[in-house]
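**Student:** Take a look at the following structure, please.
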Amino acid sequence: MSGSREAILGAIRSTHLQGEHPRPAVPLFDQAAPADLKALFQKSLERMGGKMLLTDVADPMAPVRQAIVKPGPVVSCVPEFEGDMKITPHTKPTDIAPVEYAVLRAAFGVAETGSLCFTEKQLHVNTTGFLPQHLIVLLDPAQIVYNLHNAYQRPEWLQAHYAVFQSGPSATADIEGVLVHGAQGVRSLSVLFQP
Amino acid sequence: MTAELHEELTDPHGEQLDHGAASSRPLKSRISEPQPRGAKIRGNRPVDQSEAANRFMAATEHEAMHDARLWDLRQKRDKEMHGIEEWEELRNLASGIKEHTLSKLDYYLELFEKNATANGIKVHWAKDGAEHNAIVLEILRSRGVERLIKSKSMLTEECGFREFMAHNNVEVIETDLGERIQQLDDEAPSHVVVPAVHKLRTDVASVFAKTIGSDPDNADAHYLTECQREATRPLILSAQAGMTGGNFVVAETGTFVVCTNESNADLSANTPPLHIASIGIEKLIPGLNELPVFIRLLSRSALGSPITQYTSHFRGPREGGEMHVVLVDNGRSERLGMEKFWPGLKCIRCGACMNTCPVFRRSGGLSYGATYAGPIGLIIDPTFNVHKYRNLPYSSTMNGSCTNVCPVKINIHEQIADWRKTLAGEGEISPVKKVMMKAAGEVLASPVVYRASLPLGRSALRHLPHFMLYNKLNTWGRKRDIPETPKQTFNEWYRRNRKSQGEGENS
């Protein structure tokens with residue numbers, strides 16, 4: 001309500017914090033970045049409960065096919081792999097609910113935390129990141145940045161309306177600290193390095 | 001509900017998973033025991049934290065599990081800290097960024113409003129909880145919403161949001177597991193990050209058996225989590241609106257950021273056509289350069305994991321969707337004007353101060369009888385109601401550990417001391433404390449009276465422990481052994497030893 005807007009801003013303007021509070025400059029903290037970000041990414045991903053799929057040079061999509069072991073609809077948001085459910089401009093967010101596997105490509109990865117970035121551009125319908133039971137993700141190793149400071153220098157943040165870092169599958173430890181995958185979102189997350 | 005589990009839920013080696021938010025070692029409770037309940041709320045009367053803490057400590061299995069789980073989180077936090085060379089620099093930066101933003105809060109709020117509005121977000125302003133609830137209800141009513149799914153938000157707890165919506169016939173479904181447990185048990189969250197940490201698995205089994213039809217004899221955490229997933233999913237799919245909080249708000253891009261481990265914020269925001277985010281005005285930060293400082297500190301401080309499983313950034317509605325942000329003051333602008341207490345606004349709600357606090361770990365978050373428990377609660381709660389929460393600043397050992405672990409360097413223990421002074425100055429002090437402090441003041445004011453009192457004090461320590469030691473001033477002293485009292489005072493010892501030695505040398 002507009003009256004409250006003015007009241008809140010007015011109350012803030014009537015306060016004056018003592019001392020100077022300049023805006024600090026934040027370094028990138030990336031001097032120690034290793035040359036091989038793939039290894040660090042994999043280590044961090046596994047710490048967060050994600051799995052790496054082994055690449056197959058002769059048949060690049062074989063690891064994806066092999067990772068699909070359960071019956072149920074597969075939706076693909078990547079041209080490299082054919083799913084059996086199509087996303088169209090009419091697909092509603094809830095239509096993704098019966099999906100067993102979604103195959104996605106990450107915009108980029110973060111080695112420090114094993115995170116994968118998805119925006120609406122990669123997800124097509126935002127719920128493909130969360131409503132399927134399992135995710136299989138293609139990641140171009142050239143699109144791995146070292147740490148979160150580097151990650152927030154990327155252009156996606158000014159392009160997308162929605163962007164998410166997924167770091168492993170959905171998880172909870174709310175009952176006696178016992179970690180359970182698949183609290184509400186995906187039960188497993190597998191990553192394949194694929195340029 | 002079937003006891004069959006998806007195989008992902010059980011570790012193939014039969015061992016407990018130990019990454020992410022997990023405890024670093026299995027902490028299974030051994031026995032079932034009735035759950036101790038929180039502080040008794042009697043209108044505006046001062047909350048008696050020590051009374052509720054006594055009942056929590058009497059439930060020994062609950063106390064032991066709570067203490068072990070939270071101390072383990074503290075140790076996991078330390079391990080993460082040691083893995084990052086620039087940790088202290090990050091804390092300094094986080095503190096400096098928050099102080100800078102708070103010093104120009106009006107500017108950054110308007111900047112956020114401008115950028116968010118340009119991206120299609122409708123921004124609302126609420127001066128208090130009641131206005132927040134009214135704004136949200138109006139949005140929901142005008143769109144015919146009967147069911148709202150939401151992720152965890154301490155702000156909506158402040159606003160009494162769920163109770164308000166229940167009275168107005170809107171069904172609110174919490175989607176964070178811990179928060180859902182608490183909602184189904186009609187209890188407030190006891191901790192800002194792990195809302196049901198005061199409950200044993202058997203408590204959860206009994207709540208779920210009564211409310212979502214799980215097997216009352218199955219207290220396996222995997223089974224209980226799966227039951228909740230299966231029960232909540234149809235509600236997520238049929239809700240007409242979703243609600244989230246906001247951990248960080250980036251003014252320069254008009255983005256708000258939500259951190260969860262379960263992806264429940266993403267589900268709440270992306271599944272229904274309408275997304276409403278309730279955000280406290282202190283959550284602002286300037287830009288994207290500052291954001292990673294906080295993302296790197298938050299989950300490491302909270303759970304000892306490098307990052308939350310999901311870090312979600314909302315900058316505008318999706319195609320065909322609708323997005324609202326309600327910026328809520330609810331006492332924050334007033335706190336900003338409090339010379340000693342404004343730094344509490346730097347808080348990012350990580351809960352590290354709770355995990356490290358010996359009082360919190362042994363008394364449970366519900367014993368505080370307030371939205372915010374633990375050390376941060378002691379300094380925030382009295383700003384909401386100085387009379388009702390006047391006892392809370394005494395629920396501290398003043399060991400300073402909270403200040404040492406705080407990722408944004410809030411001087412928590414100093415503020416606790418300042419609250420004690422302020423409360424005494426405002427006459428907000430219980431009659432028992434008043435009598436004891438007056439007596440102590442008279443004794444400490446005179447060296448002669450002080451010396452004369454010491455042998456009495458020693459005697460009192462030995463013979464009157466319940467009067468002098470285990471009173472309301474000293475809640476944390478319960479179940480701790482007081483060090484054995486010396487047989488003589490230092491003054492007596494000095495006179496006997498040094499003086500006689502000195503006399504010996506002279507002679």
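**Student:** Which ones in the range B:266-282 are within 30 Å of B:Glu334 (Cα to Cα) and in contact with a strand residue (DSSP E or B) (Cβ under 8 Å, 6 or more places away or on another chain)?
**Tutor:** Within the range B:266-282, B:His275, B:Ile276, B:Ala277, B:Ser278, B:Ile279, B:Gly280, B:Ile281 qualify.
**Student:** Can I ask one more? Filter the range B:373-403 down to the residues that are part of a helix (DSSP H, G or I) and out of contact with any His (no Cβ under 9 Å at 6 or more places or on another chain) and list them by number.
**Tutor:** Hits for the range B:373-403 are B:Ile376, B:Gly377, B:Leu378, B:Ile379, B:Ile380, B:Asp381, B:Pro382, B:Thr383, B:Phe384, B:Leu392, B:Pro393, B:Tyr394.
**Student:** Now a separate question. Of all residues in the range A:50-87, how many are in contact with a strand residue (DSSP E or B) (Cβ under 6 Å, 6 or more places away or on another chain), surrounded by 14 or more Cβ atoms within 10 Å (Cβ to Cβ) and not polar (S, T, N, Q)?
**Tutor:** The number of residues fulfilling the criteria is 16.
**Student:** Return yes or no: is B:Leu456 more than 24 Å from B:Met81 (Cβ to Cβ), at pLDDT below 95, not β-branched (Val, Ile, Thr) and not in a loop (DSSP other than H, G, I, E, B)?
**Tutor:** Judged against the criteria, B:Leu456 is a match.
**Student:** Restricting attention to the range A:133-152, and to residues there that are away from chain B (no Cβ under 11 Å) and more than 25 Å from B:Gly287 (Cβ to Cβ), which single residue is surrounded by the fewest Cβ atoms within 10 Å (Cβ to Cβ)?
**Tutor:** A:Ala142
**Student:** Kindly indicate which of B:Glu110, B:Glu99, B:Glu138 is assigned to a helix (DSSP H, G or I), within 12 Å of chain A (Cβ to nearest Cβ) and surrounded by 20 or more Cβ atoms within 10 Å (Cβ to Cβ).
**Tutor:** Answer to the selection: B:Glu99.
**Student:** In addition: For the range A:183-195, give me the residue count where each residue is in contact with a Ser or Thr (Cβ under 6 Å, 6 or more places away or on another chain) and either at the interface with chain B (Cβ under 7 Å from one of its Cβ atoms) or not in a strand (DSSP E or B) (or both).
**Tutor:** 4
**Student:** Within the range B:460-469, identify whether any single residue is within 24 Å of B:Pro375 (Cα to Cα) and at pLDDT 60 or above, and answer yes or no.
**Tutor:** Taking every residue of the range B:460-469 in turn, none turns out to be within 24 Å of B:Pro375 (Cα to Cα) and at pLDDT 60 or above.
**Student:** From the list A:Pro98, A:Pro89, pick out the single residue that is under 23 Å from A:Ala183 (Cβ atoms), assigned to a loop (DSSP other than H, G, I, E, B) and either modelled with pLDDT under 95 or within 11 Å of another protein chain (Cβ to nearest Cβ) (or both).
**Tutor:** A:Pro98
**Student:** Which one of the conditions (1) surrounded by 20 or more Cβ atoms within 10 Å (Cβ to Cβ); (2) touching a helix residue (DSSP H, G or I) at 6+ places or on another chain (Cβ under 9 Å) does A:Ala171 fail to meet, given that it meets all the rest?
**Tutor:** Among (1) surrounded by 20 or more Cβ atoms within 10 Å (Cβ to Cβ); (2) touching a helix residue (DSSP H, G or I) at 6+ places or on another chain (Cβ under 9 Å), the lone unmet condition for A:Ala171 is (2).
**Student:** A follow-up question, please. Return the residues of the range B:200-256 that are surrounded by fewer than 23 Cβ atoms within 10 Å (Cβ to Cβ), polar (S, T, N, Q) and not in a helix (DSSP H, G or I); say none if nothing qualifies.
**Tutor:** If the condition is that a residue be surrounded by fewer than 23 Cβ atoms within 10 Å (Cβ to Cβ), polar (S, T, N, Q) and not in a helix (DSSP H, G or I), then B:Asn218, B:Gln240, B:Thr253 are the ones that fit.
**Student:** So, one more: Of all residues being at the interface with chain B (Cβ under 7 Å from one of its Cβ atoms) and surrounded by fewer than 24 Cβ atoms within 10 Å (Cβ to Cβ) in the range A:153-168, which is farthest from A:Thr119 (Cα to Cα)? Just the residue, please.
**Tutor:** Per the criteria, the residue is A:Leu158.
**Student:** Name the residue that is nearest to the other protein chains (Cβ to nearest Cβ), counting only residues in the range A:1-36 that are out of contact with any strand residue (DSSP E or B) (no Cβ under 7 Å at 6 or more places or on another chain) and hydroxyl-bearing (Ser, Thr, Tyr).
**Tutor:** Among residues in the range A:1-36 that are out of contact with any strand residue (DSSP E or B) (no Cβ under 7 Å at 6 or more places or on another chain) and hydroxyl-bearing (Ser, Thr, Tyr), the one nearest to the other protein chains (Cβ to nearest Cβ) is A:Thr15.
**Student:** Scan the range B:161-183 residue by residue and report those that are within 13 Å of chain A (Cβ to nearest Cβ) and part of a helix (DSSP H, G or I).
**Tutor:** B:Leu177, B:Gly178, B:Glu179, B:Arg180, B:Ile181, B:Gln182, B:Gln183
**Student:** Now for a different question. Can you go through B:Pro382, B:Pro358 and tell me which one is more than 11 Å from chain A (Cβ to nearest Cβ) and surrounded by fewer than 20 Cβ atoms within 10 Å (Cβ to Cβ)?
**Tutor:** Exactly one residue qualifies, and that residue is B:Pro358.
Residue by residue, here is whether (1) more than 30 Å from A:Arg23 (Cα to Cα); (2) at pLDDT 95 or above; (3) facing another protein chain (nearest Cβ under 9 Å) holds:
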position	(1), (2), (3)
B:Val197	yes, yes, yes
B:Arg201	yes, yes, yes
B:Ala209	yes, yes, no
B:Ala231	yes, yes, no
B:Leu235	yes, yes, no
B:Glu252	no, yes, no
B:Val257	no, yes, no
B:Thr271	yes, yes, yes
B:His275	yes, yes, no
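**Student:** Does B:Arg300 satisfy the condition of being basic (Lys, Arg) and either not assigned by TED's automatic domain parsing to the domain that holds B:Asn115 or not in a loop (DSSP other than H, G, I, E, B) (or both)?
**Tutor:** Considered against the rule, which asks whether it is basic (Lys, Arg) and either not assigned by TED's automatic domain parsing to the domain that holds B:Asn115 or not in a loop (DSSP other than H, G, I, E, B) (or both), B:Arg300 comes out as yes.
**Student:** Is it the case that the range B:323-343 has a residue that's touching a Leu at 6+ places or on another chain (Cβ under 8 Å), aromatic (Phe, Trp, Tyr) and surrounded by fewer than 24 Cβ atoms within 10 Å (Cβ to Cβ)?
**Tutor:** yes
**Student:** Based on this model, can you work out whether A:Gly72 counts as under 19 Å from the mean Cα position of the chain (by Cα) and on the phi > 0 side of the Ramachandran plot?
**Tutor:** No.
**Student:** Within the range B:385-398, which residues are under 15 Å from B:Glu158 (Cα atoms) and crowded, with 24+ Cβ neighbours inside 10 Å?
**Tutor:** B:Tyr389
**Student:** So in the range B:387-428, with the set limited to residues that are in contact with a helix residue (DSSP H, G or I) (Cβ under 9 Å, 6 or more places away or on another chain) and basic (Lys, Arg), which one is farthest from B:Cys353 (Cα to Cα)?
**Tutor:** Only one residue fits best here, namely B:Lys388.
The values are calculated or read from the model by the stated rules, or taken from the named source; none is laboratory data. Quick caveat: nothing in here was measured; it's all calculated off a predicted structure. A quick note on method: Cβ atoms are made from the backbone with ideal geometry, for glycine too, and the neighbour counts reach across all protein chains shown.
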